[in-house]
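The values are calculated or read from the model by the stated rules, or taken from the named source; none is laboratory data. Worth saying up front: this structure is predicted, and the values here are computed from it rather than measured. For neighbour counting, all protein chains shown are included, and Cβ atoms are generated from backbone atoms with ideal geometry for every residue, glycine included.
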Amino acid sequence: MESEFERKVLMCGIVGYTGTNDATDILIGGLKRLEYRGYDSAGIALGNDEGIESVCRKGRVGDLEQTVAGMQLDGACGIGHTRWATHGTPSEANAHPHLSCEGDIAIVHNGIIENFMELKEELLSRGHEFTSQTDSEVIAHLLEEEYALLAFDDSGQDDIANAQGRRLDRTPDKMIASGDPSVLAQAVSHVTERLIGSYGLAAITSHEPGVIVVARKDSPLVVGAAPDGSYLASDMIALLDATRDVLILEDGQVAELTPSGIALFAREHDELVSCEYETTHIDWSVDSAEKGGYDDFMLKEIHEQPRVIRDTLAGRLVGDRITIDELGMSPAELNLIDKVYIIACGTSYHAGLIAKNLIERWAHIPTEVEVASEFRYRNPIITPTTLVVAVSQSGETADTLAAIRDARIKGARVFGITNVVGSPVARESDGVIYTKANKEIAVASTKSFLGQVVSLTLLALLLAQTKGNLTTGQIRLLFSELADTAEQVEEIISDTTDIDSAALACKDASSALFIGRGMGAATATEGALKLKEISYLHAEAYPAGEMKHGPIALIDEGFPVIAIATKSPTYEKVLSNLQESKARGAMVVAIATQGDEEIGKYADHVIFIPKVRDELSPITASVPLQLFARAIALERGCDVDQPRNLAKSVTVE
Ligand code: F6R
């Protein structure tokens, strides 16, 4: 028996198409592009005036594709969904699309409906029958009721013809359509008023063939018109083959897609009013979303890192000054900052740990780094002179967003560092730096992490410049060394022989320790996370000085200790820790500075990296750790791009 908690449907992908082509192939193609977001079940629904045909499968989109290949699905309008559930066994019944009782309405939903229990009870009491445990299904049943109220007159006569007549008044083949919303759009709008929580949703009905209606709140949705019809997706990557001019929906907006174009509406006093809109041109190459000749996305993305460093730094040194105009704060305002909070989750949090060291060293501003899910419930002390820096690759992590909102309510200035243009983090922050990583497909973050570290390094330099703690000469030198890391990373990834042999030696371990001091301790945290998330090998990071306070008890013959042992003020101390580890039988893998002749005495495997100043060492030292984790994961037969139980964006708590 499945538990009610299975309702939590997270981090899913949504697609839709209405036009002149066969929708099935387009929907499956779109779902494949989104599969990195969630992959435990998938489904599509196609609608025409004879009804709605829906097919769902547990498993990957490939399983769904095989199923539909053997069917005669007919239709040029449909919606699709790929799902990732938090609890219990993913099942076909819980897969989207969900249908109304009569089967004349289908919906897909991304997000979570917090008041679904209350709504479900209400709907059950009125005779609705549910077929899944999901929260999303309430939307289909609510729509069924709302649609009936709007579309059928008191005698039960179908009033759809009128509604269709109104829609046909619109100028075809124009992105900006005018006129009244369809009945479905009105019904969706009314239903969303009853929903508490987050949603990106798309609906179709057999009463209005060719129409798809979408709405969103705190969950991304983009739509785009192409010569062959209109498209929707929860991520623009699924649209890029069809169109590069997209409309990024805002919370509260409702869009209506027809084969001839897209109409946008906003709610005003219980009414949907038509709005004009501008599209955003996306210039990423579709190829950047493909593997580009590499065995997996993770490797491709690791190789993109020199480019990310260069792009992130481009235009940031103007004359002798670090320039981040997007910060939206004057030098006088910046100068008042007396406290920095960095809030983030996972890998982004680790980028924050690195930045704390830099901000405190260079700008002398006390800095705290906090996991967003803790920050938001802890009532941290924030004043108008606190700068909150929210770091999020996806820009849509629920906890990070909630923390931003809390911080703003408390009066802080919030600065976002994100990879996704127009993402909620970008929109809800006072200023934003884009990390220029471009789309990251592999679930494990690599190039985005480096983009974050470089962006945060820039921020630290800017704060130091504003506070007058670094001279212009020092700033120029640091910036130039930062820029040099692009070439150094190129050198590291050009030869992975030593990394691969260290990985081979560690692949059968059941646990590993990552250690370092100072910048190295922060780098170690990310090394351990990369290893555990893609190879399922348990790994922990510890400041090396803490070894004697507990973790050293873990060490016995062959236990891997991976040390960040680059040249730094605490290098000698790290060597002592390695000696202690070796004395207990550890297999030591050291990330060390080229030219270090001593390290070989303390380590079984040495991975040399180019010499950089200590403050910049996380940029270079984290790259071999990414490659090390990937090599172990491949040795252990793991899927490095789509590790089990993980999803790329965590859009609910
Ligand atoms: C790990 C990883 C995750 C994310 C975390 C936060 O490789 O990718 O730990 O870093 O889920 O995601 P964002 O940065 O999108 O807020």
**Asked** If we keep just the residues of region 196-212 that are modelled with pLDDT of 95 or more and aliphatic (A, V, I, L, M), which is surrounded by the fewest Cβ atoms within 10 Å (Cβ to Cβ)?
**Response** V211
**Request:** State whether one or more residues within region 321-341 are hydroxyl-bearing (S, T, Y), more than 22 Å from D614 (Cα to Cα) and crowded, with 22+ Cβ neighbours inside 10 Å.
**Result:** yes
**Request:** State yes or no: is Q594 surrounded by fewer than 20 Cβ atoms within 10 Å (Cβ to Cβ) and in contact with a strand residue (DSSP E or B) (Cβ under 6 Å, 6 or more places away or on another chain)?
**Result:** yes
**Complete:** Of the residues in region 390-448, those that are among the hydrophobic types (A, V, I, L, M, F, W, C), within 13 Å of the ligand (Cβ to nearest atom), in contact with a Phe, Trp or Tyr (Cβ under 9 Å, 6 or more places away or on another chain) and closer than 27 Å to T620 by Cβ come to A390, V391, I417, V420, A437, I441, A442, V443
**Selected residue (only one of P551, P543, P618, P610 is at pLDDT 95 or above and over 24 Å from D495 (Cβ atoms))** = P543
**Fill in**
Residue pairs within 7 Å by beta carbon, gap of at least six or interchain, first lying in region 552-564 and more than 21 Å from D614 (Cβ to Cβ), second surrounded by fewer than 18 Cβ atoms within 10 Å (Cβ to Cβ) and of a type in the set (D, E), listed first then second, are I552/E580
**Request:** Restrict the check to region 477-487 and report whether at least one residue is more than 16 Å from the ligand (Cβ to nearest atom), farther than 30 Å from N335 by Cα and at pLDDT 95 or above.
**Result:** yes
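Kindly indicate which of A215, A233, A226, A238 is touching a strand residue (DSSP E or B) at 6+ places or on another chain (Cβ under 9 Å) and surrounded by fewer than 24 Cβ atoms within 10 Å (Cβ to Cβ). Full working, then the answer.
Numbers: A215 fails: surrounded by fewer than 24 Cβ atoms within 10 Å (Cβ to Cβ); A233 fails: surrounded by fewer than 24 Cβ atoms within 10 Å (Cβ to Cβ); A238 fails: surrounded by fewer than 24 Cβ atoms within 10 Å (Cβ to Cβ).
Selected residue: A226, the only one of A215, A233, A226, A238 that is touching a strand residue (DSSP E or B) at 6+ places or on another chain (Cβ under 9 Å) and surrounded by fewer than 24 Cβ atoms within 10 Å (Cβ to Cβ).
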**Message:** Every residue in region 365-412 that is among the small types (G, A, S), free of Cβ contacts under 8 Å to residues at least 40 places away in the same chain and within 21 Å of T446 (Cα to Cα), please.
**Reply:** A372, G395
**Message:** Considering only region 513-522, I want to know if a residue exists there that is in contact with a helix residue (DSSP H, G or I) (Cβ under 9 Å, 6 or more places away or on another chain), at pLDDT 95 or above and within 16 Å of the ligand (Cβ to nearest atom).
**Reply:** yes
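Are any residues in region 600-620 part of a helix (DSSP H, G or I) and buried (at least 17 other Cβ atoms within 10 Å of the Cβ), and if so, which ones?
Scanning region 600-620 gives D614, E615, L616, S617, P618, I619, T620.
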**Item:** Residues (modelled with pLDDT of 90 or more, in contact with a helix residue (DSSP H, G or I) (Cβ under 7 Å, 6 or more places away or on another chain) and of a type outside the set (G, A, S)) located in region 406-434
**Value:** D406, V414, F415, I417, T418, V425, E428, V432, I433
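Grab the helices (runs of 4 or more DSSP H) fully contained in region 48-151, keeping just those with 3 or more residues being touching a residue at least 60 places away in the same chain (Cβ under 8 Å).
Values: elements: 61-69, 116-125, 137-151.
Ranges flagged: 116-125, 137-151.
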**Message:** Can you say whether A541 is touching an Asp or Glu at 6+ places or on another chain (Cβ under 9 Å), crowded, with 19+ Cβ neighbours inside 10 Å and closer than 13 Å to A629 by Cα, as far as the supplied structure shows?
**Reply:** no
**Item:** First in region 18-37 and touching a residue at least 60 places away in the same chain (Cβ under 8 Å), second anywhere and among the acidic types (D, E), Cβ under 6 Å, 6 or more apart
**Value:** G19/D228; T20/D228; N21/D228; L34/D235
**Message:** Can you report the number of residues in region 377-432 which are assigned to a loop (DSSP other than H, G, I, E, B), at negative phi and within 16 Å of the chain's Cα centre (by Cα)?
**Reply:** 8
